[in-house]
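Read through the structure below, which is laid out as structure tokens, and then see the notes.
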Amino acid sequence: MKLPYGKAAELEQIIHKLETYALNTNHDKGKHKARVFRAKLGITIDNKNVLANALLDAAATGEARPTRADKYGEQYVINFLLTTDIGFSMVCSAWIIRVDERHPRLVSVYPV
């Protein structure tokens, strides 16, 4: 299935999540993801748009798997292959569509 409202994903929200979490080498949990993104794909804060655009495309066109629904909203996972000049990796992305919203938000992302 496609991610509901996937084409409404916001690049600014994705970039914010990457800068403050998944590619942030100073974040307690994000620093581990940042290290793996750099090692596997050569992706850092400096070239975050490579990952951000891949996530935007995955939200719009990728195959989503619903994982759970609760009082906060519906959650989904999208896995996709990302290839860069450095290498390739499957990327796991987690999304939520909040109860009162009609666009998905990136919750987490990491290379597997």
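None of the figures in this text is laboratory data; all of them are computed from the coordinates on show. What you see is a predicted model; the values in this text were computed from it and never measured. Methodologically, a virtual Cβ is constructed for each residue, glycine included, from the backbone with ideal geometry; neighbour enumeration extends over all protein chains shown.
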According to a simple spin-label model (label point 7 Å from Cα along Cα-to-Cβ), what is the distance in nm between residue 26 and residue 7?
3.9 nm
Residue 81 versus residue 53, label points 7 Å from Cα toward the beta carbon: distance in nm?
2.0 nm
Net charge contributed by nearby residues that have their C-beta within less than 14 Å of residue 2 (K/R +1, D/E -1):
-1
Residues other than residue 83 with Cβ under 14 Å of its Cβ, Lys/Arg counted +1 and Asp/Glu -1, net out at -1
Total charge dipole magnitude, region 1-108, about the Cα centre, Cβ charges on Lys, Arg, Asp, Glu only, Debye to nearest 20
300 debye
How tilted is helix 48-61 with respect to the longest principal axis of the chain? Cα atoms for both, answer in degrees (0 to 90, nearest 10).
30 degrees
